[in-house]
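Notes for the one structure printed next.
The values are calculated or read from the model by the stated rules, or taken from the named source; none is laboratory data. Just so we're clear, the structure is a prediction, and the values are computed from it rather than from any experiment. Reconstructed Cβ throughout: ideal geometry from the backbone, glycine too, with neighbour counts over all protein chains shown.
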Amino acid sequence: MNQLTKSQIIQIEAAIGRCKKEIAEISGKDVDITYYIKADKLQEVSPDEIVDIVCEHLAINVEDIYKKTRKRDISYARHLCVTLCLEYCKLSLGQLGRYFGGRDHSTMIHSRDSFYDMVSIYEDNRRDYEIVKSRINSRLIAQEI
């Protein structure tokens, strides 16, 4: 089996992006392709890596993510981290809650739902989400090559 070149991977990602956009326009709903990624590939990104990528993108201190603070920028970053961890990591809600500072599983559900609400309303939040997801996907692709 031949290995894909980096330019071929970029072309495939662009085609997927165009398909997602067309499906979203037709159906009125966003398409999340992480559902279609093999489960064994999802385990390759750790919660630590996701937190690092999010904090780097949003210019937040990693330590702040685990604090109980309700500051808007910190809680937004935490919501983004929780959502991405639920998409890319094989952790239960309870495990994820413990990872994020001893929070309850229902807090993780609320965090994800709140973030999806923000993404559906605000373009900046949707852009952050897509940028961080593309960085995570790039890391996954780099691990395969």
Under the condition of being free of Cβ contacts under 8 Å to residues at least 24 places away in the same chain and exposed (fewer than 14 other Cβ atoms within 10 Å of the Cβ), which residue from segment 63-83 is farthest from Ser120 (Cα to Cα)?
Glu63
Selection over segment 129-145 where residues are modelled with pLDDT under 75 and part of a helix (DSSP H, G or I) yields a count of 4
Pairs returned, first residue in segment 87-103 that is assigned by TED's automatic domain parsing to the domain that holds Ile136, second residue that is at pLDDT below 90 and hydrophobic (A, V, I, L, M, F, W, C), beta-carbon separation under 6 angstrom, 6 or more apart or interchain, are Tyr88/Leu42; Tyr88/Val45
Of the conditions (1) under 18 Å from Ile141 (Cα atoms); (2) at pLDDT below 75; (3) in a loop (DSSP other than H, G, I, E, B), the single one that Val45 does not satisfy is (2)
Looking at Gly102, Gly97, which is the one that is surrounded by fewer than 15 Cβ atoms within 10 Å (Cβ to Cβ) and farther than 17 Å from Val45 by Cβ?
Gly102
Would you be able to say whether some residue in segment 69-77 is over 23 Å from Lys20 (Cα atoms), assigned to a helix (DSSP H, G or I) and among the basic types (Lys, Arg)?
yes
Go through the residues of segment 96-107 one by one and say whether even a single one is at pLDDT 75 or above, within 18 Å of Glu130 (Cβ to Cβ) and part of a helix (DSSP H, G or I).
no
